[in-house]
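The values are calculated or read from the model by the stated rules, or taken from the named source; none is laboratory data. Nothing here was measured: the structure is a model prediction, and the numbers come from that model. Cβ: placed from backbone, ideal geometry, glycine included. Neighbour counts: every protein chain shown. In case anyone asks, the SASA skips ligands and DNA or RNA and just uses the protein heavy atoms, side chains included. Shrake-Rupley method; radii C 1.70, N 1.55, O 1.52, S 1.80 Å.
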Amino acid sequence: MSDRTPLLSFHAVTRHYRGNHLAAVNGINLDVFRGEIVALIGESGSGKTSLLRLAAGLESPDGGEILLDGRVVAGETIAREVPPESRQLGLVFQDGALFPHLTVERNVDYGLVVKDKKARTDRIAACLELVGLAGKEKRFPHELSGGERQRLALARALAPEPKLLLLDEPFSHLDPALRRKLREEIRDILQRLGQTALLVTHDPEDALAIASRVVIIDGGNLMQTGTPAEVYRYPANQYCAERFGPANRVLDHATGKETWKRPEDARWIPCDVANEGDPVVIEAIREMGAIYEVRVAPGTQPGEIWLCFLKEGEILKPGDHGRVAWRGTPERVAWKS
Amino acid sequence: MNPIHPMKKRLILTLLAALAGFIPAAPLHAAEELTLYTQRHYEFDEAVHRLFTEKTGITVKVVKAASDELIVRLQEEGANTPADLYLTADGGGLDRAKKAGLLQSFTSEAIKEKVPATLRDPDDQWVALTKRARVLIYSPERVKAGELSTYEDLADPKWRGRLVARSSSNIYNQSLMTTVIEANGAEASEAWAAAVRQNMVRPPQGSDRDQIRAVATGLADVAIANTYYLGLLETSEDQKDRDAAAAVKVFFPNQEGRGAHVNISGAGIVKSSKKAALATQFLEFLLSDEIQSRYAEETFEYPVSETAKWSPIQEKWGKFTADDVAFSVLGDRNAEAVRLFNQAGWE
Amino acid sequence: MASHPQAPALPIVAPAAARRAPRWRWHGDRWGAGVALLTGIIALPLLAILFHLGQESAEWSHLAETVLARYLTNTLILVFGVSLLVLIMGVVPAWLVTTCEFRGRRVLSWALILPLAIPTYIAAFVFYQGPEAAIPMLIQVRMRFGVEAFLLAEQIIRYGLLIVMLAAVLYPYVYLACCSAFSRQSRAVIEAARCLGNSPTRSFLRAALPMARPGIVAGVALVIMEVINDYGAVHFFGVPTLTEGVFRTWFGMGDKVAALRLAGIMMLVVAALLMLEQGLRGRARYVEADAGSIPMKRLPLGGGKAALAFLVCFVPVALGFLFPVGRLVHWAGLHLLSDSGGGFPAGLALVRGFSLALATAVVVTALAALFMYAVRLRECRLRRLLGRIAGMGYATPGAVIAVGVLVVFGTLDRLELPLLPLVSGTLFVIAFAYTVRFFAIPLQLARAGLERIGKPLEEASRLLGHPPLRTFLRVDLPLLRAPLIAAGMLLFVDILKELPLTLILRPANFETLATTAYSLASEARLQACAVPALLIVAVGAIGLLVMNRWLQPPTPHE
């Protein structure tokens, strides 16, 4: 996916808000290619939502430019930026932003441009079918459940066949079980349609489950991009590591380089025989269902505590000495920027 | 898709209904009509207008507001004003309208014959329609015969706590003040107003009618008011009003000297009016003995026509000598009068 | 937030470019131009007036020496007295009907807003009977205690009654603000206060009242504006305020500049109040957003307490509505039964007045909604400022606006523009003046409505391919129905009640209920005057009840 024209590109895009000397978006470069599902992940206030709104045309960049399909839609080089309604994008909002005064089918109908009545009704039916809302055409948004509402929001955004689908924290108002279910559904739908999408989320599971590529943002700066596996296994820094749950900082003594290791990648080496891994002392053990959460103090990095998920917890107790080694290749795999 | 959303249809209907409000109610093929800018707000005037329409087929349209507000409006509207006639309830307003160049001269010999020269503008730019006397209304029980004499006498300490009058914002008081200034000079007039204010039983408030009521209920002994208010009280539909009128009497001051202050209600033809002939016809109608006598009966204003009859109530009040100061004085000195009232503390 | 530990925020130093001061941005597009143009047109009469302020004034020093102090003192006495009284009459009943349950509570809760339907000049006719009735008592005072005591008593009665009367018809502004503040307060806060051992009274004073303060201040600010702008009532009671000074100086002394300077002082006072109110409302929004929306459980009252609560809520209604309406009904009855009664003076003219008020209310409300939408479309400092300027007419006396409008149209007339004769001197002029005077009302309600709808719906519509205007028509307008109906109703009632502006600008053969009532009252025909006065009150009361219904926060998922 390198030499094709990206569907959406940010070129050194900057965006400030009044009364805040930090830039919300600070000279970001990013390309989204056709067929990709890119997840933007970061803390609240990291600039990820700003980036999405800039793409949608809901905000204007203070510097740099934004290209859609190779055409500049906003930026210093054009006099009048392309307004949101002319960008052919779909956007699924955090809370759905469904039109409360329109029925389910008229919500979906809202973005359609086809004049032909038959074609319209067919399209509406197809979209509702796709998201599993067939039979609820005449309901009003407030008569739907939370999950149904987000599905409707998706159907509405997909109905006009947007070039690019933007999703802004689409699951954040749902309870965890529903969230998981809907996440799977939406991934399937997007993959089936081959829909290019840009997802903004602070939930690592969303990103890992849906995205084909993950982009980590902090303080308006791009921190790391890569496949879900890459960014999970090989975080570029502490911030990136902590996006996806607990991570342990491990120093390579030879090079002095920092790496981050996941708790489930820890291996317990009971005796002091092998030269593998680092010597540790067990600080605390907690049984968490199938595994044990073991906190260990590495002898080589005084003052730090590592979190390890170990099956051997049963036979261990605080104060035990041992070694911890980490699964996976030690050298970093491609991560950019 | 849906042709027109019902919501939208309702909206369009509402808008259409709303726009109908802007369509003038008058028929498009309007017959001849006259537009009056008038300070006169009496029910009887409407009857007179109807009568005129019946007789001539000319419709009369009316804008009612205070005389000086109407002058501002005439000035700002300039040549585009719809007004044909300007009517006031005070001579000063007529004079100011004339001096602002808002009026044109009339040429009707009938009017000149009917109305004495003192009640017309020297250049015939306005003519009086009725006269109203600003007099002293007193309680015969508490005011001894011979105690009342002149306006000037009201400054005497013997009236301490016995007088009532309305606010000096009122044009009738302002006009009365101009005649006092004309007679006695500014300095004496200021002292006079201050002393009269001191003698008032309460700060100025309410209407002329309220002043008469205050005398009737015994709060005060003497009120400064226009005679026709007493006539209106006497013929009121409310028994309390009629009782109040029965409890008081009229005194015409300054009979030995310059006479009681008489103001006029009058009219002039607006300069830019293209209907001077119709307007003159209207003025002649208002000055006819028939209408003049009815003014005396209905509004208790004095007719300007010498040949018109007074009403029985006016006859009962009696004949009196009127101050014949020129009405231009009323206009010229109005601002000065307000200034002196301000300085004298008469609110 | 998810379960993983929160990362410490990385201190990121922004590059120099990012630190430059926020700049004024003009988003030059058609919507912005529209906002600027409309603001310009609406502000024109006000500018025409401000233009005069710099000129020489012959009478200004005279005014300053003689009457200015009295105008100011009277104005301040009224402002202070009425504010104090409306606080008591507004806050306590609001607290009782939102937090307690007693017989008659439901009826009282809406009856308490009815006094707003009574214009002050009509209330003044009725209440002036008070000083009249007090005359025999005053005479006794004079005979027993002398003139000084009498004068003092007379002043106290007159000022007191004027203050009571103004408060009795104006307190609903505070009452409404308090009701919405109290009912939006989180039940948890009050209950927490009570759990901490505070009595209901103490929790009211310590928790509820401070939280409702911004709303209360906003309500009082509205009351003060009404008091300062009042013309009829203060004139009738012989308490000259700044407004009377404006009329007197302009029309009696012919000094436009001095009169406008007086008006300028008023506008300054009111503008300062408006800004205060806006500042406080800005924070109020924050407070409300934080509070939970669970309705408070009302404390049932029994026996003597219930009777007392009923009485406390009943007195304002009785003073501000039942008493004046009762008198008016009595007079109107006398009038209709008397020989001269029955005939209604200005039938057709009144119909025109009515339809004009309706038409203006509808058109101006729609315009205000569109205007506010445009302001919010790309909200920047400049557009917000323009929005504020467009609402400034509310802080200006009606008569001053009327003259400003006359000046503007007079100037345009002299330029002899080709199409102007079509509008000049027609109903359009007065409709325009109403727009200038009252634009703030629909603007405020439209803003509140649009804020409630929120940006996401508009943004969703834009992304679904609908440009701004279509988005407004298809999304915002249907959703703004309730606040716009309320705004239109309020506007309609306000236009019907409006007096000084209407008197100066109305075209020939044009009457509103207000002008009819006024001209009958200036003939001192109280009984005949009662008929149109009652009609104003009836229309106003219906309008208020409709508005009240539409402004109720909709029950979710209704």
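Quick look at the values:
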item: Considering residues of the range B:215-249 that are of a type outside the set (D, E, K, R), open to solvent by 20 Å² or more (accessible area, probe 1.4 Å) and over 19 Å from the mean Cα position of the chain (by Cα) only, the residue farthest from the other protein chains (Cβ to nearest Cβ); result: B:A246
item: Of residues in the range C:493-516 being part of a helix (DSSP H, G or I), open to solvent by 10 Å² or more (accessible area, probe 1.4 Å) and in contact with a Gly (Cβ under 6 Å, 6 or more places away or on another chain), the one nearest to the other protein chains (Cβ to nearest Cβ); result: C:P500
item: Selection from the range C:369-390 of residues that are touching a Leu at 6+ places or on another chain (Cβ under 7 Å) and within 14 Å of chain B (Cβ to nearest Cβ); result: C:A369
item: Residue ID - nearest to the other protein chains (Cβ to nearest Cβ), chosen from residues in the range C:200-243 that are open to solvent by 20 Å² or more (accessible area, probe 1.4 Å) and within 17 Å of C:L501 (Cβ to Cβ); result: C:H235
item: Residue in the range A:96-104 that is of a type in the set (S, T, Y) and either within 29 Å of A:F244 (Cβ to Cβ) or open to solvent by 40 Å² or more (accessible area, probe 1.4 Å) (or both) present; result: no
item: Selection status of C:L445, of a type in the set (A, V, I, L, M), at pLDDT below 85 and open to solvent by 40 Å² or more (accessible area, probe 1.4 Å); result: no
item: Residue that is among the acidic types (D, E), within 14 Å of another protein chain (Cβ to nearest Cβ) and either open to solvent by 10 Å² or more (accessible area, probe 1.4 Å) or in contact with a helix residue (DSSP H, G or I) (Cβ under 7 Å, 6 or more places away or on another chain) (or both), where the choices are A:E59, A:E65; result: A:E59
item: Any chance A:S86 is open to solvent by 20 Å² or more (accessible area, probe 1.4 Å), within 10 Å of chain C (Cβ to nearest Cβ) and among the polar types (S, T, N, Q); result: yes
item: Failed item in (1) surrounded by fewer than 20 Cβ atoms within 10 Å (Cβ to Cβ); (2) at the interface with another protein chain (Cβ under 8 Å from one of its Cβ atoms); (3) in contact (Cβ under 8 Å) with a residue 60 or more places away in the chain, with C:R352 passing the rest; result: (1)
item: Residue list for the range B:125-142, restricted to those being assigned to a loop (DSSP other than H, G, I, E, B) and open to solvent by less than 10 Å² (accessible area, probe 1.4 Å); result: B:S139
item: Qualifying residue in the range A:57-64 (condition: assigned by TED's automatic domain parsing to the domain that holds A:E137 and closer than 30 Å to A:A125 by Cα); result: yes
item: Test: residue in the range B:263-283 that is open to solvent by 50 Å² or more (accessible area, probe 1.4 Å), outside any loop (DSSP other than H, G, I, E, B) and without any contact (Cβ under 8 Å) to a residue 12 or more places away in the chain; result: yes
item: Scan of the range B:187-211 for residues that are touching a helix residue (DSSP H, G or I) at 6+ places or on another chain (Cβ under 6 Å) and at the interface with another protein chain (Cβ under 10 Å from one of its Cβ atoms), ordered by number; result: B:R202, B:D208, B:R209
item: First in the range C:447-465 and within 13 Å of another protein chain (Cβ to nearest Cβ), second anywhere and of a type in the set (D, E), Cβ under 8 Å, 6 or more apart; result: C:I453/C:D476; C:P456/A:D95; C:L457/C:D476; C:E458/C:D476; C:R462/A:E85; C:L463/A:E85; C:L464/A:E85; C:G465/A:E85
item: Some residue of the range A:196-204 being touching a Phe, Trp or Tyr at 6+ places or on another chain (Cβ under 9 Å) and of a type in the set (S, T, Y); result: yes
item: Residue within the range B:326-337 that is over 30 Å from B:A193 (Cα atoms), away from every other protein chain (no Cβ under 14 Å) and not aromatic (F, W, Y) present; result: no
item: Strands (runs of 3 or more DSSP E) wholly inside the range A:215-327 that include at least 1 residues being more than 14 Å from chain C (Cβ to nearest Cβ) and either closer than 27 Å to A:K48 by Cβ or among the small types (G, A, S) (or both); result: A:221-226, A:258-261, A:266-269, A:278-288, A:291-298, A:321-326
item: Residue that is modelled with pLDDT of 90 or more, not assigned by TED's automatic domain parsing to the domain that holds B:A193 and not acidic (D, E), where the choices are B:L163, B:L87, B:L154; result: B:L87
item: Failed item, numbered, when C:L469 is tested on (1) part of a helix (DSSP H, G or I); (2) within 21 Å of A:A153 (Cα to Cα); (3) within 11 Å of another protein chain (Cβ to nearest Cβ); (4) not polar (S, T, N, Q); result: (2)
item: Qualifying position, being open to solvent by 70 Å² or more (accessible area, probe 1.4 Å) and either at pLDDT 85 or above or under 25 Å from A:E242 (Cα atoms) (or both), among A:P318, A:P279; result: A:P318
item: Scope the range A:110-128; condition open to solvent by less than 70 Å² (accessible area, probe 1.4 Å) and at the interface with chain C (Cβ under 10 Å from one of its Cβ atoms); matching residues; result: A:Y110, A:G111, A:L112
item: Residues located in the range A:196-212, provided they are surrounded by fewer than 19 Cβ atoms within 10 Å (Cβ to Cβ) and away from chain C (no Cβ under 14 Å); result: A:S212
item: Hits in the range B:45-73 - residues which are more than 10 Å from every other protein chain (Cβ to nearest Cβ), open to solvent by less than 20 Å² (accessible area, probe 1.4 Å) and part of a helix (DSSP H, G or I); result: B:D45, B:V48, B:F52
item: Single match in A:V131, A:V104 (criterion: closer than 17 Å to C:L457 by Cβ and more than 10 Å from chain C (Cβ to nearest Cβ)); result: A:V104
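The rows are residues; the columns are (1) β-branched (V, I, T); (2) assigned to a helix (DSSP H, G or I); (3) modelled with pLDDT of 85 or more.
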residue: C:F354; (1), (2), (3): no, yes, no
residue: C:L367; (1), (2), (3): no, yes, yes
residue: C:E379; (1), (2), (3): no, no, no
residue: C:R384; (1), (2), (3): no, yes, no
residue: C:R388; (1), (2), (3): no, yes, no
residue: C:V403; (1), (2), (3): yes, yes, no
residue: C:F409; (1), (2), (3): no, yes, no
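Here is a yes/no grid of residues against (1) at pLDDT 90 or above; (2) more than 24 Å from B:A247 (Cα to Cα); (3) not in a helix (DSSP H, G or I); (4) not polar (S, T, N, Q):
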| site | (1), (2), (3), (4) |
| --- | --- |
| B:L176 | yes, yes, no, yes |
| B:A183 | yes, yes, no, yes |
| B:S189 | yes, yes, no, no |
| B:G206 | no, no, yes, yes |
| B:V215 | yes, no, no, yes |
